[in-house]
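The values are calculated or read from the model by the stated rules, or taken from the named source; none is laboratory data. In this text, all values refer to a predicted model and were calculated from it rather than measured experimentally. In this analysis, Cβ positions are derived from the backbone assuming ideal geometry, glycine residues included, and neighbour counts consider all displayed protein chains. Just so you know, the surface numbers come from the protein's heavy atoms only, side chains and all, with ligands and any DNA or RNA stripped out. Shrake-Rupley method; radii C 1.70, N 1.55, O 1.52, S 1.80 Å.
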Amino acid sequence: VQLQASGGGLVKAGGSLRLSCVASGSIASINTMGWYRQAQGKLRELVAAITSGGVTNYVDSARGRFTISRDNAKNTVYLQMNNLKPEDTGVYYCNADRFGVGVGPWGQGTLVTVSS
């Protein structure tokens, strides 16, 4: 399954963005999908995850501001990001997740830049 993220851009602190990740195949059988962020010079980290049953989990810095969702019928995972902060800046990717690690091939990410 190939994954392509979109929806990034340049936004001021306090603004919002909605990221989308479209898969080339079905994600219905994938238990957990995740959104990951890689800031410049840092390792890629899991930001949010959602199970096939709709259970969500977030990194502390994102909890209360980000919302992950999935639409299996559209093979798409979303990340609504509100009240963005400069430290949210990075390239965002989606992937199948297993214990906090992306396990599929990494597709094209989308760059989010938050200015202060």
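Some points to look at:
- Scan of segment 93-114 for residues that are closer than 27 Å to Gly14 by Cα and part of a strand (DSSP E or B), ordered by number: Tyr93, Cys94, Asn95, Gln108, Thr110, Leu111, Val112, Thr113, Val114
- Scanning segment 94-116 for residues that are within 18 Å of Asn31 (Cβ to Cβ) and either modelled with pLDDT of 95 or more or surrounded by 15 or more Cβ atoms within 10 Å (Cβ to Cβ) (or both) returns Cys94, Asn95, Ala96, Asp97, Gly102, Gly104.
- Counted residues, segment 49-92 - those being open to solvent by less than 70 Å² (accessible area, probe 1.4 Å), assigned to a strand (DSSP E or B), closer than 20 Å to Gly15 by Cβ and of a type in the set (S, T, N, Q): 2
- The residues of segment 1-48 that are open to solvent by 80 Å² or more (accessible area, probe 1.4 Å) and more than 13 Å from Asn75 (Cβ to Cβ), listed by number, are Leu10, Lys12, Arg18, Asn31, Gln40, Gly41, Lys42, Leu43, Arg44.
- Scanning segment 10-17 for any residue that is outside any loop (DSSP other than H, G, I, E, B) and without any contact (Cβ under 8 Å) to a residue 60 or more places away in the chain turns up nothing.
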